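Inspection log for the structure reproduced underneath, given as structure tokens.
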Amino acid sequence: MLSIGRDIKTNDYVYLDVSRSRAALICGKRGSGKSYTLGVIVEELHQAGNVLTVIIDPMGIYYPMAQPNHSQDRLLWDWGLSAQALPTLLLVPGDPEMLYGGREVLKAMEDMGVRFRQFRLNPADLSPDAWCELFDFSIADVMGIALFRAVQTLSRKQKEYFFIPDIIAEIEGDGLIADRTREALLNRLKMAQDWDLFSYRYQEIWEIFDPKAINIVDLSTLDPGPRGRRNLVVDVLARDMFKRRTIARRKEELGLISELPRVWMLIDEAHQFAPSGRGTLAKEALIRWAKEGRQPGLSLTVASQQPSAIDREILTQCDVLLCQKITNSEDIQSINGLSQDYMGGELKTFIRKLERRGEAVLVDDEQEKVTMMQVRPRRSRHGGGEAAG
């Protein structure tokens, strides 16, 4: 059980049951405390243990969790809590020194207690379709057909052990490709090499994580487009963890030891990765997590200040809603559409009663219960601006 706050009316502690996989939505307008609340969930998950916690961080604001939240010592005392630093592992897709602008930045973050681990993606972990989507190719046009065929051929011949130079060689040797098409494809693949995002030796993706730490995938230095590198990283990680946990779950049912524990992935600014009305590289994988994640032990939390911008297929799968102050009419209507009969009223009625930063409406479908609550103060330092409380 995660202790996430207190009931505004009764002052009783509010708990969230995570004995089974959950799909959760955290939403609220800018400054309402959305990212702060996500951090509270992360702190509780770490305290509970037995779960791999992964934060997808497109803003670069969660690494300060490596330090204690002394700025709210008085408030923490009132709640019977104390400031606490958390073991934090910052996962960087590429060379941290280059991405963060120099060694002095890394040194300052290391002095804060942040650990770094760089990783790169295995080209073979992208499907032929994903390679085409990355460059915005249709598999019906000549470049899409040629790239799809090259990756598919390598997948059949070499399985997981091929890299961008192998794709380049396959395209160079394909006699069915016109010279102009070949040149255009090679230029794009060489550009992808320059991203410093793809590996030249195979690495098991799940091995980059530390089950004893808060794993923060820092995407703040990558471009945010729907077919950009942020979405690419999330797509590869989500698909790999789904596959690994499916295998692990089968082993657990047979009484065997599995390599990967249950996973809780929390995504801030989730509308970047699973937007309403348009596709992204990561969207299909995240919808699968929301719909099918319970059986393999995969939990998903999506957070956004624009809930109306998140795909409806994900919103309707969320069995936990933590709604903070919202004023945009489109967002209110989107959330109100998730109202349930047991609530005794529409969700928008509860949301309009929120007055202070840090207050939230908790809707828990497992318990069929609505609670007006105050989110507890953070024990670790918040990096997203002024703290809620």
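The values are calculated or read from the model by the stated rules, or taken from the named source; none is laboratory data. What you are looking at is a predicted structure, and each value in this text was computed from that prediction instead of being measured. Glycine gets a Cβ as well: all are built from the backbone with ideal geometry, and neighbour counts include every protein chain shown. In case anyone asks, the SASA skips ligands and DNA or RNA and just uses the protein heavy atoms, side chains included. Shrake-Rupley method; radii C 1.70, N 1.55, O 1.52, S 1.80 Å.
Odds and ends about this structure:
Every residue, every condition in (1) more than 22 Å from Leu99 (Cβ to Cβ); (2) assigned to a helix (DSSP H, G or I); (3) not basic (Lys, Arg), yes or no:
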site	(1), (2), (3)
Lys190	no, yes, no
Tyr202	yes, no, yes
Arg230	no, yes, no
Asp235	no, yes, yes
Arg239	yes, yes, no
Lys251	yes, yes, no
Leu260	yes, no, yes
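- For the range 204-219, taking the residues that are modelled with pLDDT under 90 and outside any loop (DSSP other than H, G, I, E, B), the one that is farthest from Val236 (Cα to Cα) is identified as Glu207.
- All positions within the range 288-323 that are open to solvent by less than 10 Å² (accessible area, probe 1.4 Å) and part of a helix (DSSP H, G or I): Trp289, Pro307, Ile314, Leu315
- In the set (1) in contact with a Pro (Cβ under 7 Å, 6 or more places away or on another chain); (2) of a type in the set (A, V, I, L, M, F, W, C); (3) exposed (fewer than 15 other Cβ atoms within 10 Å of the Cβ), Ala108 fails one condition alone, (1).
- Selected residue (criterion: surrounded by the most Cβ atoms within 10 Å (Cβ to Cβ)) from residues of the range 174-201 that are closer than 27 Å to Asp95 by Cα and of a type in the set (A, V, I, L, M): Leu185
- Criterion (modelled with pLDDT of 90 or more, under 20 Å from Gly5 (Cβ atoms) and in contact with a Gly (Cβ under 8 Å, 6 or more places away or on another chain)) met by exactly one of Arg357, Arg376: Arg376
Yes or no, residue by residue, for (1) surrounded by fewer than 18 Cβ atoms within 10 Å (Cβ to Cβ); (2) out of contact with any Ser or Thr (no Cβ under 8 Å at 6 or more places or on another chain); (3) more than 24 Å from Ala274 (Cβ to Cβ):
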| residue | (1), (2), (3) |
| --- | --- |
| Gly39 | no, no, no |
| Leu45 | no, no, no |
| Ala48 | yes, yes, yes |
| Val54 | no, yes, no |
| Asp57 | no, no, no |
| Ala66 | no, no, yes |
| Ser71 | yes, yes, yes |
| Asp78 | yes, yes, yes |
| Ala83 | no, no, yes |
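- Selected residue (criterion: modelled with the highest pLDDT) from residues of the range 331-354 that are in a loop (DSSP other than H, G, I, E, B) and in contact with a helix residue (DSSP H, G or I) (Cβ under 7 Å, 6 or more places away or on another chain): Glu346
- Scanning the range 85-96 for residues that are at pLDDT below 90 and surrounded by fewer than 17 Cβ atoms within 10 Å (Cβ to Cβ) returns a single hit, Asp95.
- Residues (open to solvent by 40 Å² or more (accessible area, probe 1.4 Å), within 21 Å of Gly228 (Cα to Cα) and under 30 Å from the mean Cα position of the chain (by Cα)) located in the range 137-157: Ser138, Ile139, Phe148
- Restricting the range 97-121 to residues that are in contact with a Ser or Thr (Cβ under 6 Å, 6 or more places away or on another chain) and closer than 17 Å to Leu222 by Cβ, the residue that is modelled with the lowest pLDDT is Leu99.
- Taking every residue in the range 257-276 that is free of Cβ contacts under 8 Å to residues at least 24 places away in the same chain and pairing it with any residue that is of a type outside the set (Asp, Glu), at least 6 positions away or on another chain, the pairs with Cβ-Cβ distances below 6 Å are Ser258/Ala248; Ser258/Lys251.
- Test: Val14 is closer than 19 Å to Val320 by Cα, open to solvent by less than 60 Å² (accessible area, probe 1.4 Å) and part of a loop (DSSP other than H, G, I, E, B): no
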